[in-house]
Amino acid sequence: MPLYIGLMSGTSLDGIDAALVEMDDTSESGRPRLLASHAEPMPAALRDSLWALCHTERPSFAELAAAEDLFCRLQADAVAALLEVSGTPRETVEAIASHGQTIEHAPLGHAGGPAYTLQLDNPSLLAELTGLCVVADFRRRDLAAGGQAAPLAPAFHQALFRAEGEWQLVLNLGGFANLTLLPPCEDPRPPLGFDSGPANALLDAWHSRHRGGHFDVDGAWAASGRVDEALLGRLLTEPFFHLPPPRSTGRELFHLEWLEKRLSGRERPEDVQATLAELTAASVALAVEMARERLQAPEPARLIPCGGGAHNRDLLARLARRLPTTTLVSSADSGWPADWLEAGAFAWLAWRRLRGLPGNLPSVTGAAGPRVLGGVYAP
């Protein structure tokens, strides 16, 4: 059965996740199986460069090229390390799936301009460095078809988690949160998925400003504070939280400046952190209710959290309180630890691309129809 390597670097900018995935060509879903994984840490200098590029209004072409080159070489290092730790011969890998590093995502355009999504990536160089076929540029075909180009993982969630007799939620808690509401197998309707709002992006940025470090381990600092209900109410007035799907978002909307405009200046930092954690839980609950209403669905039986936020015990406790009738279960029960679902999703999308199969869900992105996603770069 063919092997694929999925590469993913999210908005946390902490490193590159590499997943070795086996596909079953006899199955329409591919029956993806995670064989091995590796996390390649991101050097501080590259992280700082990418962070600056994500926030600048006037990017330098030379800076973009330099960051892209370093990022691509780090991807190649991640591939080499994964092959070594798994004992996998290079020639047995059919392709690498490269998502790239999102710099800006504007599916509705900017200041009246065209829709765009920009991922820093160099699949030609990655093919040269690894000697392997690379599939990349997954998002723009969906965008060209009128979709939001995000989220793309719900199609993979459907292949992996859809079950007989019960509704399920898959919740990715990366820098931003997106959910997938999965009907039971006997229900012919497609899944519904969309971004609910910020997850770790604001939490990490606020923690870094006041405490240093990249994130709040286990949500301990947030748990030490008290939710400021007045601040939470102001944050939840953001129109994005009340938009119907399809919808997607990113750092272009939710950043520290967005938060600061809503602060009175008298809040304790730990209370702001607690309120940001509650904002994530509250906005997820709002999105779940919106998805249920759209599909006329009952309360889902299970919630499967994934991404970095799946390790945040404080955040998971807040979600459990907001969704009291839904049981939180580990994705590892299905053979996919929470950290590797996104990298696995793009490996699966690369397999779809090379088989000529569509990778998007129009019910999720709003595209005009199913589309084969990604470009192919031969070794």
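The values are calculated or read from the model by the stated rules, or taken from the named source; none is laboratory data. A quick note: this is a predicted structure, and the numbers were derived from the prediction, not measured. We place every Cβ from the backbone using ideal geometry, glycine too, and count neighbours over all the protein chains shown. Side chains are part of the model used for accessible areas, which takes the heavy atoms of the whole protein and leaves out ligands, DNA and RNA. Shrake-Rupley method; radii C 1.70, N 1.55, O 1.52, S 1.80 Å.
Of the residues making up region 335-360, just one is assigned to a helix (DSSP H, G or I), out of contact with any strand residue (DSSP E or B) (no Cβ under 6 Å at 6 or more places or on another chain) and at pLDDT below 95, namely Asp339. Within region 286-303, restricting attention to residues that are crowded, with 17+ Cβ neighbours inside 10 Å and of a type in the set (Gly, Ala, Ser), the residue that is farthest from Gly197 (Cα to Cα) is Ala297.
So which of Glu63, Glu57 ends up being touching a helix residue (DSSP H, G or I) at 6+ places or on another chain (Cβ under 8 Å), free of Cβ contacts under 8 Å to residues at least 60 places away in the same chain and farther than 30 Å from Gly335 by Cα?
Details: Glu57 fails: touching a helix residue (DSSP H, G or I) at 6+ places or on another chain (Cβ under 8 Å).
Of the residues listed, the single one that is touching a helix residue (DSSP H, G or I) at 6+ places or on another chain (Cβ under 8 Å), free of Cβ contacts under 8 Å to residues at least 60 places away in the same chain and farther than 30 Å from Gly335 by Cα is Glu63.
Across region 250-277, what is the total count of residues that are more than 23 Å from Ala220 (Cβ to Cβ), in a helix (DSSP H, G or I) and open to solvent by 30 Å² or more (accessible area, probe 1.4 Å)?
Going residue by residue through region 250-277, those that are more than 23 Å from Ala220 (Cβ to Cβ) are 250-253, 255, 257-258, 260-262, 264-266.
Of the ones still in play, those that are also in a helix (DSSP H, G or I) are 257-258, 260.
Filter again for open to solvent by 30 Å² or more (accessible area, probe 1.4 Å), leaving 257, 260.
Residues flagged as more than 23 Å from Ala220 (Cβ to Cβ), in a helix (DSSP H, G or I) and open to solvent by 30 Å² or more (accessible area, probe 1.4 Å) within region 250-277 amount to 2.
For region 206-215, how many residues meet the condition of being open to solvent by 20 Å² or more (accessible area, probe 1.4 Å) and within 22 Å of the chain's Cα centre (by Cα)? Spell out the reasoning first.
Pass one, region 206-215, residues open to solvent by 20 Å² or more (accessible area, probe 1.4 Å): 208-215.
Still in the list and also within 22 Å of the chain's Cα centre (by Cα): 208, 213-215.
Within region 206-215, residues that are open to solvent by 20 Å² or more (accessible area, probe 1.4 Å) and within 22 Å of the chain's Cα centre (by Cα) number 4.
Scanning region 157-180 for residues that are at pLDDT 95 or above and among the aromatic types (Phe, Trp, Tyr) yields one hit, Trp167. For region 66-92, a residue qualifies if it is under 24 Å from the mean Cα position of the chain (by Cα) and open to solvent by 40 Å² or more (accessible area, probe 1.4 Å), and the qualifying residues are Glu68, Asp69, Leu70, Arg73, Asp77, Ala80.
For region 1-36, what are the residues that are closer than 19 Å to Asp121 by Cβ, in a loop (DSSP other than H, G, I, E, B) and open to solvent by 20 Å² or more (accessible area, probe 1.4 Å)?
So the first thing to find is which residues in region 1-36 are closer than 19 Å to Asp121 by Cβ, and the list is 4-19.
Okay, now just the ones that are also in a loop (DSSP other than H, G, I, E, B), so 9-14.
Selection gives Gly10, Thr11, Ser12, Asp14.
Collect the residues in region 112-147 that are open to solvent by less than 40 Å² (accessible area, probe 1.4 Å), of a type outside the set (A, V, I, L, M, F, W, C), over 17 Å from Ala343 (Cα atoms) and at pLDDT 95 or above, keeping them in residue-number order.
The initial filter retains those residues of region 112-147 that are open to solvent by less than 40 Å² (accessible area, probe 1.4 Å), namely 113, 117, 119-121, 123, 125-127, 130, 132-136, 138-139, 142-143, 145, 147.
Those left that are additionally of a type outside the set (A, V, I, L, M, F, W, C): 113, 117, 119, 121, 123, 130, 139, 142, 147.
Cutting the leftovers down to over 17 Å from Ala343 (Cα atoms) gives us 113, 117, 130, 142, 147.
Thr130, Asp142, Gly147 - these are the residues of region 112-147 that are open to solvent by less than 40 Å² (accessible area, probe 1.4 Å), of a type outside the set (A, V, I, L, M, F, W, C), over 17 Å from Ala343 (Cα atoms) and at pLDDT 95 or above.
For Ala39, state whether it is crowded, with 18+ Cβ neighbours inside 10 Å, under 29 Å from Gly359 (Cα atoms) and in contact (Cβ under 8 Å) with a residue 24 or more places away in the chain. Write out each step before concluding.
Values: crowded, with 18+ Cβ neighbours inside 10 Å: no; under 29 Å from Gly359 (Cα atoms): yes; in contact (Cβ under 8 Å) with a residue 24 or more places away in the chain: yes.
No, not satisfied.
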